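Structure first, then comments.
The values are calculated or read from the model by the stated rules, or taken from the named source; none is laboratory data. Nothing here was measured: the structure is a model prediction, and the numbers come from that model. Every residue, glycine among them, receives a Cβ derived from its backbone with ideal geometry; neighbour counts consider all protein chains shown. These area figures cover heavy atoms from the full protein model, side chains too; ligands, DNA and RNA do not enter into them. Shrake-Rupley method; radii C 1.70, N 1.55, O 1.52, S 1.80 Å.
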Amino acid sequence: MLAVFLNDRSLLLVSGAEAQSFLQNLITTDITSLGADEARPGALLTPQGKILFDFMIWQDGDGYMIETDAGQRDGLLKRLTMYKLRAAVTLATSTEEGVTVSWSEDAEGSQGVRDSQGVRDSQGVRDSRFAKAGVTLIRRPGKHGDGNEALYDALRISHGIVTSGSDFALQDAFPHDVLMDFNGGLSFRKGCYVGQEVVSRMQHRGTARRRVVTVSAATTLPETGTEITAGGKPVGTLGSVEGGSGLAIVRIDRAGAAMAAGTPLLAGETPVSLFLPAWSGLVFPTSGDEASA
């Protein structure tokens, strides 16, 4: 079992009699269907439908734990407090610092995380994003391992799982751009929340064009932020990089047209291949039509 401590993650606690309804009316995630041992991605959006804060959320007793980037924590707490008004909700920072992620070394098809005696680890919560990709990854508050963080980055890159800051800028991406419509982080059935009208319109009209892809090169990829082009025209920007593998958010209509025409795709000067995550069910369109699942 691999266990990696992520010291750049912070935790918020949302509790009280109205905690569920308070969050349900604000964030993208349908928390009424959240499993007892499940962590789902979520976001608080701008009124224009772009991601203002992103996080993981799970049940914590009668309330909810929100895991976010340490740099976002105070801003997210302030924004939630602004929306709180007279709701019977308590907002607080957790005493735990950082989060440990654990997964089997044989990640594909793993059915659980086991300790050295082979006993299944019942602590922590299962990350639903990795579950979509067939990997059981457990998230647990605090430090419970000292594995190299690069191992976790390599795992999420290989499965097309992005993180804000490295892969996209807050207030610049829609939930569809980062595949939240496929990973359980975006609900179209639960009713109104901040930004809901915009993302629902994108869903129903099929106008999502920017999507997460995995990037592969025969040599080491250039640095994060490098532009990806086809025939000299931009199609996206390189995000997280580990050696010859990386992530990017690209215009899949432009990338699909380039691949269909045999036009090379370049990250800077480096030839690359792009792949949509298999778990998304998406394919590259070869015309002006949206990709289909």
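Summary table below
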read-out: Along each principal axis, Cα extent of segment 140-228, largest first, Å; value: 41, 37, 20
read-out: Reciprocal of mean inverse Cα separation for the chain (Kirkwood radius, Å); value: 19.8
read-out: Relative contact order (%) - segment 15-98, alpha-carbon pairs under 8 angstrom, separation at least six; value: 30
read-out: Inter-part distance where segment 133-201 and segment 26-75 are each reduced to a Cα centre, Å; value: 10
read-out: Selected from 20, 248, 142, residue furthest toward positive end of dipole (the chain; charges at beta carbon); value: 20
read-out: Highest average packing first - 51-57, 88-94, 202-208, Cβ atoms within 10 Å; value: 51-57, 88-94, 202-208
read-out: The chain - percent relative contact order, Cα under 8 Å, separation 6 or more; value: 19
read-out: Extension gain from residue 220 to residue 32, taking 0.36 nm per residue of separation minus the Cα-Cα distance; value: 63.3 nm
read-out: Long-range amide H partners of residue 235 with built H, under 5 Å; value: 228, 229, 230
read-out: About the Cα centre, charge dipole magnitude for the chain (Lys/Arg +1, Asp/Glu -1 at Cβ), debye; value: 920
read-out: Reachable lysines from residue 84, criterion Cα separation under 26 angstrom, eight or more residues apart if same chain; value: 50, 190
read-out: Contour excess over end-to-end distance, with Cα ends at residue 92 and residue 21 and 0.36 nm allotted per residue; value: 23.8 nm
read-out: Simple Cβ-charge dipole of segment 165-235, Lys/Arg +1 and Asp/Glu -1, about Cα centre, in debye nearest 20; value: 400
read-out: Scattering profile of segment 119-269 at q = 0.14, 0.18 Å⁻¹ [log10 I(q)/I(0), Debye over alpha-carbon scatterers]; value: -0.80, -1.17
read-out: Carbon/sulfur fraction of accessible area - the chain, other protein chains in place, 1.4 Å, %; value: 47
read-out: Surface accessible to a 1.4 Å probe, per residue, for the residues of the chain, Å²; value: 45
read-out: Mean Cα-pair separation over length for segment 153-277, i.e. relative contact order, pairs under 8 Å, 6 or more apart, %; value: 29
